[in-house]
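Okay, so here's the structure we're looking at.
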Amino acid sequence: MKSVAVVLRQLARLALWLAAAGLILMTVFITAQVIARYVLNDSLVWSEPAAVILMGWFIFLGAAVGIREGYHLSFDVLLYFLPQSAKLWLYSLSDLVVTGFGVGMVWFGSQLALSAWDVKLPSLGISGAFDFLPIVGGGVLMVLFSMERLARRAAGMPTARFGETDPLED
């Protein structure tokens, strides 16, 4: 399990680096569009759709990594009153729900991508499926990271909770 955790940690780091690069690149595209429109009195027709696709990637990659690191939304009030064993069950239930959500993202995102496969984005000249690939990629990572959390908990290993450091990652 430790070797799987190391691989998934590296995958999470890669996803964060890609998300950061996407955010920076999106900022460059939008800045170039503003300069082209208001300084050069011309427009970059590809900048907005490219920025939207990049935004989808950095949102879904970041969300998936947030799940792995325990930053996903939750209601903690009940957890303050429960014994540790009950907390672990609720954490696992939460991870199961997130896994199901990720599976839904993969399934329905794939359906959307397939339905747009033959549509061409005129400003970019690529398939419309590219609009939906961030949903699929983020869903795959959400499933992987949620299942890792479930497996670690089942093996008695710690899982990150709201940014707590993982002893295996130090």
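Annotation: Cα Rg of the chain relative to the compact-globule expectation 2.2 N^0.38 Å equals 1.25. Compared with the dominant Cα axis of the chain, that is its longest principal axis, helix 47-68 is turned about 10°. In terms of the mean number of neighbouring beta-carbon atoms within 10 Å, the peptides 118-125, 56-63 order highest first as 56-63, 118-125. Entry note, region 2-169: relative contact order of 28 percent, from Cα contacts under 8 Å with a spacing of 6+ residues.
Amide H contacts for Ser127 (H built 1.01 Å from N in the peptide plane; partners 5 or more residues away or on another chain; cut-off under 5 Å): Leu121.
In a fully extended conformation the segment linking Val6 and Ala154 would gain 51.5 nm over its present Cα-Cα distance, using 0.36 nm per residue. Axis of helix 2-38 versus longest Cα principal axis of the chain: the two differ by about 30°, to the nearest ten degrees. Rounded to the nearest 20 debye, the dipole magnitude of the chain is 300 debye, with +1 charges on Lys and Arg beta carbons, -1 on Asp and Glu beta carbons, and the Cα centre as origin. The angle separating the long axis of helix 84-115 from the principal Cα axis of greatest extent in the chain is about 30 degrees. For region 2-169, the residue among Pro134, Leu90, Met26 whose Cα projects farthest onto the positive side of the dipole built from Cβ charges is Leu90.
Throughout, read-outs are computed from the coordinates displayed, never taken from laboratory work. Treat the numbers as computed from the prediction; the structure is a model and nothing was measured. Here the Cβ is made from the backbone with ideal geometry for all residues, glycine too, and neighbour counts use every protein chain on show.
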